Every structure is written in C-alpha cells, then in structure tokens.
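What follows is a short report on a single structure.
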Amino acid sequence: MKLKFAVIVFLFCFINNQVSAQEKSWSEDQGQFSGNLLLNYQKYIRDDKIGANTRVYKENTSSVDAWLFMKYSRGGYDFIARFDAFNNSPLLDPLDAYTAHGIGFWQISKQHKNLNITVGSFYDQLGSGILFRAYEQRQIGIDYSLQGIRLIYNLSPNWRIKAFSGNQKGNKQSNTRFDYTPQVISGINIDGFQDIGKNGKYGSLQLGASGLNRNIDAGTMTELVSIIESYDREDQFFPKYNVYGFNGYFNYSIGNWNIGGEANFKTPEAIVNFDNKLALKGGKVYYGTLGWGMPSITWGNDEKGRAKNRMSLGLNLQLRHVDHFPLRASPRDNLLNGLISYLPSLTKQNTYRLMARYNAPAQDLGENGIQGELTAKINKGTRITLNASYVQSLASNGEFDSSSMSMKPVQLFREYNGQLIQSVGKHQLKLGLQSIFYNQARYEQEPEYEPVYTITPFVEWLHKVGRGKSLRIEAQYLKTDKDQGSFANLLIEYYFNKEWSMSIGDMVNIEPHRYERMTIENTILHYPMVFVSYNHDNSFYTLSFLKQQQGVNCSGGICREEPAFSGVRFTVSSNF
C-alpha cells in the first residue's frame, strides 16, 4: 500500500513539473477540487428469533464502511483517489468480519485533442456490459474496477474507438479488497451512430463491436489441471490459457419506434458446469429490445373544439437467451467473485419491501427470459402500468419428460404486476397487485424448498400537507403458504420540510411457514423499522433502527444471499 501511494505522489509531481514547463496556462489555472464521502456504521443487536446471531453479533458487535472520493482537475489533467476503510465489515463475506484500509481506487487521466489517456483504476463496459463490465455496487459490497491503462480515441464527432488492459480488483486467494487478480483482461471496442437520410429522415442507427481476452496465470492453470486429472478419463480435457469474447450490437430509432439487439460469444474455456464439475464449454448470449411510444392520442372535444381527453402510450419489450456464459477472472471463482460479464436480472426491479422479496438472479449457465411493460398516461392525473416477465431454464438444465423421453425446460420465475396512480390536487393514490412464481429450490440451491406462489396487493397514499411537507403511507400484504409464509408491511413517512423526514414501519410474518433447515422461530415475527433523515448543504444523514429478514438482497439487478440483520444503522453521504 505504501508503494501504491508513493507511485501516485510521484506521478502527480512528475506531471505537475512537465505541465508547468510546457504550458503557460497551468499557472493561470487554479484547478478544481471536488469529492464525496460515504460512510455506513452498523451496531448489531442480537436477535435469535429472526436468526440475527452470526459471528458479527457474537464477537464484533459493530462495523464501519467508508469511502472518501477525491478529484483534482487542472490543466486538462484529472487526478482521482479513493480511500476505502473497512472495520469489521460484513461486505466481503456476510457471515464474517473484514478489517483493512487503503487506496481502493486511483486514476490519472488526460484529454489530449482526440485522445483520452487513463492510467490506474477505471470503470468501463463493452456494449451493454454482457461481455464485459467493470463497475461497483457498494450496497452489496462489490467492486470490479480494473487497474491498468485505457485509451479512447475520437475518430469523428460520432465515432470512437477504445482499448484497455489491466487486472481486476479483488483477489479471492489473498482475501483482500486492495489486491488485484493475476489474470490479465484486455479489450477493444468501436462504436458510433449515424443519421440515415438528410437530418435523420429515415432514423438513426447506432452500431458497435467489441473483442475481449482474458488469460490464465500459471498458478491457476496448475490448479485447474490438478482438478481435471482427478476426473474419470472420459471427463478429462486440456484447459485453455486464453478465452476470447466478441460482440456486435445495434440500436435503430425511427419515429415512435426503437429496436436494439446484441449478440455475445466466447470461445471454449474451463467452466463449472451443472454437475459442479469443470467442463470445456463455449458460450453465447442474445439480447433484444423493442420500444414503441405514442405521445398523444386525443378524443372528445369541448365547446371550443379542443380535445377533452389526452392519452400517451409506451411499450417496452426485452428478450434474452443465455447459454453457458459464466465469464470470470478465474474459472474457480464463484458467487459474486471475479465477475467480468454483467448479467442482471431480466425482471422488474421493485422497490416496495415485500414486492422486492423474490427476485430472479440471472443464471449464467443457461436461461431464456422475456419482460414487457405497457404504460398509459391519461390526461394529467392518471397513470396505468402493466408489467410481465417470465424466465425458464434451458432444456439441458431442465427435467426429464418421460412422455417424450427427453429433457424439457423448467419454469424459474414469473411475475405479473399492475398498478394505477391517480393524482387529484394535493393527493396521490397508488393501487396495485403483484403475482409471482419463484423456483426457490433452483435459485437458492435448496432441494427441500418448494416453488413459491405469491399474491401481493399494495396501496400507497401521498398527501402534500403544505410547502415542503408531505405524508406518505404504504401497505402491502404478501400471501403464500411456502418459504417463510405470509407477510404484511405498513410504513408511514412524514416530511417536515426539505431537510427533515421520518418514517416508521413494521413487517410482520403473520402466517409463518418453516422448513426443517430454517433457524428462525416458528412463530409470528416482527421486523420493525424507524428511520430519520436530515439533508443539508449537500450532505445527507440517516439514522435507523431495523430488523431485516434473511434473504436475497439485490442492487442494480445483481443479487446475493444475506443473513438476517438486527440493529442500528447510521449513514453519511456528503458531496463537496
């Protein structure tokens, strides 16, 4: 860590001297400094009833996670550094505690005419990110930044080419957040857009293509060979040092229509297959989108001939086929470790506490999915949204059908979701209904668990009391006789002004159901929540007491299993 800090200081001083000698404008440019701080403090209060009794409750009792991001711009250069601190943090492993601190991200970049040069850490993606995406999701503790070099060259105002090479942050073997994997990841991309016809008379077309290479280091290769040699002879194969990925994508817009598509392929490599054994497999992902919108539909006229009623419609459709596309820094990585590709859930991202209980994490070994949403806005105060999604396995990962004597796909997830929002004066009412099928045994790898069917009606009422003041009440009832059973949730939130707000709520396991392996008590359980927030001078503070059930936590479409939580949380988010 001292070496990394010394390198950053050296580069800063070197560039400072070079620019001072070559550019007069440097002395006139005072530069600009900006940054932000995010800090999360958790105080654990043990609760054996809900299963909040992991190691952190017994040994550590509290944790702190903090990120201080700093950026300095001067003379066309950008200098970025982020200090990360983890004290008894459960982010690396929800069942353990991790303590370390240091420079978690650093970057120096320069825009020189049409060329952008970046060294150090960076986030980026190829196409939609299915083939490659370097990003972070602090809420669930993942950071896939690359450390290396990246060049971006603007071929024209509409076209650019970029290339990069580096190592992914996070080394499972060293169990640290400040190390980098030994595998090298390199990529190249070209994309741009072009109007078709004069002034885009025939629409606008965006095109792009990418290539990716990830190689295996000698240590990882030795480990793979040792594992493969232990297999039966018919299951043995020669692993590859390199895997190559390619994609091509387009997006075409004309009038009220928009259509897009992307195809991703990767060459055969060693992956952990359905039987939990290594196999030599290539992979592919096809992804398509369709959008349509009608901004104004009118009917009925008043006495002056003006339309009485006005409506707008919007339709969005997504389809995806995934076939053996796990792409990681090392084939031996699992769960959220070493992810290179980005495969978010192809389902609606719900925000209500009970409606977000069951999600459909993407199955990188194989799935077919579709999601569609229809939105209608009627006059100024009515909005109707209908959403449906469906995900199933591939036949190769399905179940045997004795009637046809062949494998058939298995349903993994299905959701129907409809809601109505009606605004009248200072009031807004939202009504809706959600229905879900969730193949819990497949998603959570628990053969004992049965498929979950849910019906969840929900309602939200918002009343604007006065200037900056409002009252919001939301309620949901999730009905199921599987998993942990049925729940009811009530939340009351009040904004005193633009700075202060408070909310209080309780989620109750009103009709409990338990499987034998569940550690929570077979009784009615309460998961209360009290939340206070304060927003002032670009700083946001929150203090809460809550109990949270064990389950899958999702952020940005990426999900992970987390244990139950009971305790106090304090957060600070400040921009300067």
Task: Residue count for the range 301-321, restricted to those that are over 25 Å from the mean Cα position of the chain (by Cα) and part of a strand (DSSP E or B) - done: 8
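Just need a number here: residues in the range 105-121 that are closer than 30 Å to residue 250 by Cβ and crowded, with 20+ Cβ neighbours inside 10 Å.
Going through the range 105-121, the residues closer than 30 Å to residue 250 by Cβ turn out to be 109, 111, 113-118.
This time we only want the ones that are crowded, with 20+ Cβ neighbours inside 10 Å, so: 118.
Summing the residues that are closer than 30 Å to residue 250 by Cβ and crowded, with 20+ Cβ neighbours inside 10 Å in the range 105-121 gives 1.
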TODO: Please find, within the range 304-349, the residue that is modelled with the lowest pLDDT out of those that are touching a strand residue (DSSP E or B) at 6+ places or on another chain (Cβ under 6 Å) and among the small types (Gly, Ala, Ser).
DONE: 307
Task: Filter result (surrounded by fewer than 18 Cβ atoms within 10 Å (Cβ to Cβ) and either of a type outside the set (Asp, Glu) or in contact with a Leu (Cβ under 7 Å, 6 or more places away or on another chain) (or both)) within the range 78-90 - done: 83, 85, 87
TODO: Among what's in the range 468-494 and is surrounded by fewer than 19 Cβ atoms within 10 Å (Cβ to Cβ) and among the charged types (D, E, K, R), pick the residue that is farthest from residue 359 (Cα to Cα).
DONE: 469
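Yes or no: residue 200 surrounded by 13 or more Cβ atoms within 10 Å (Cβ to Cβ), farther than 21 Å from residue 277 by Cβ and over 32 Å from the mean Cα position of the chain (by Cα)?
Values: surrounded by 13 or more Cβ atoms within 10 Å (Cβ to Cβ): yes; farther than 21 Å from residue 277 by Cβ: yes; over 32 Å from the mean Cα position of the chain (by Cα): yes.
The answer is yes for residue 200.
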- [ ] Could you figure out which of (1) in a strand (DSSP E or B); (2) aliphatic (A, V, I, L, M); (3) out of contact with any His (no Cβ under 8 Å at 6 or more places or on another chain) isn't true of residue 441?
- [x] (1)
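Within the range 359-382, does at least one residue satisfy the condition of being free of Cβ contacts under 8 Å to residues at least 40 places away in the same chain and either surrounded by fewer than 16 Cβ atoms within 10 Å (Cβ to Cβ) or not in a loop (DSSP other than H, G, I, E, B) (or both)? Explain how you work it out, then say what you get.
At the first step, the residues of the range 359-382 found to be free of Cβ contacts under 8 Å to residues at least 40 places away in the same chain are none.
No, the range 359-382 has no match at all.
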Open item on the list: Only one of 535, 497 is in contact (Cβ under 8 Å) with a residue 24 or more places away in the chain, of a type in the set (S, T, N, Q), part of a loop (DSSP other than H, G, I, E, B) and surrounded by fewer than 17 Cβ atoms within 10 Å (Cβ to Cβ). Can you tell me which?
Closed with: 497
Open item on the list: Exactly one condition in (1) free of Cβ contacts under 8 Å to residues at least 60 places away in the same chain; (2) surrounded by fewer than 17 Cβ atoms within 10 Å (Cβ to Cβ); (3) under 26 Å from the mean Cα position of the chain (by Cα) is false for residue 36; which is it?
Closed with: (1)
Open item on the list: I'm checking my understanding of the structure. Among residues of the range 322-343 that are touching a Gly at 6+ places or on another chain (Cβ under 9 Å) and in a strand (DSSP E or B), which one is surrounded by the fewest Cβ atoms within 10 Å (Cβ to Cβ)?
Closed with: 323
Task: Selection count, the range 82-125, where residues are of a type in the set (A, V, I, L, M) and within 24 Å of the chain's Cα centre (by Cα) - done: 6
- [ ] Six or more apart or on different chains, Cβ under 8 Å: which pairs go from a residue in the range 204-232 that's assigned to a loop (DSSP other than H, G, I, E, B) and hydroxyl-bearing (Ser, Thr, Tyr) to one that's surrounded by fewer than 16 Cβ atoms within 10 Å (Cβ to Cβ) and modelled with pLDDT under 95? Could you list them?
- [x] 231/277
- [ ] Given the conditions (1) touching a residue at least 12 places away in the same chain (Cβ under 8 Å); (2) closer than 25 Å to residue 551 by Cβ; (3) of a type outside the set (Asp, Glu), report the number of the one that residue 351 does not fulfil.
- [x] (1)
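Mind listing just one residue for me: the one in the range 404-419 that is in contact with a helix residue (DSSP H, G or I) (Cβ under 9 Å, 6 or more places away or on another chain) and assigned to a strand (DSSP E or B) and, of those, surrounded by the fewest Cβ atoms within 10 Å (Cβ to Cβ)? Outline the logic, then answer.
So in the range 404-419, the residues in contact with a helix residue (DSSP H, G or I) (Cβ under 9 Å, 6 or more places away or on another chain) come out as 406-410, 412-413.
Then drop every residue that is not assigned to a strand (DSSP E or B), which leaves 406-408, 412-413.
On the way: 406: 10, 407: 15, 408: 13, 412: 22, 413: 24.
That would be 406.
Taking the options 346, 319, name whichever one is in contact (Cβ under 8 Å) with a residue 12 or more places away in the chain, buried (at least 22 other Cβ atoms within 10 Å of the Cβ) and closer than 17 Å to residue 262 by Cα.
346 is the lone residue from the list that is in contact (Cβ under 8 Å) with a residue 12 or more places away in the chain, buried (at least 22 other Cβ atoms within 10 Å of the Cβ) and closer than 17 Å to residue 262 by Cα.
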Open item on the list: Between 517, 560, which is in a loop (DSSP other than H, G, I, E, B) and not β-branched (Val, Ile, Thr)?
Closed with: 517
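Name the one entry in 105, 122 that is under 15 Å from residue 164 (Cβ atoms), in contact (Cβ under 8 Å) with a residue 24 or more places away in the chain and either aromatic (Phe, Trp, Tyr) or touching a helix residue (DSSP H, G or I) at 6+ places or on another chain (Cβ under 8 Å) (or both). Walk me through how you get there before you give the answer.
Values: 105 fails: under 15 Å from residue 164 (Cβ atoms).
Checking each option against the conditions leaves just 122.
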Open item on the list: Being at pLDDT below 95, polar (S, T, N, Q) and within 28 Å of residue 220 (Cα to Cα) is the requirement here; does residue 87 meet it?
Closed with: no
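The values are calculated or read from the model by the stated rules, or taken from the named source; none is laboratory data. No experiment lies behind these values; they were computed from the predicted model shown. Counting neighbours? That spans all protein chains shown, and the Cβs are built from the backbone with ideal geometry, glycine included.
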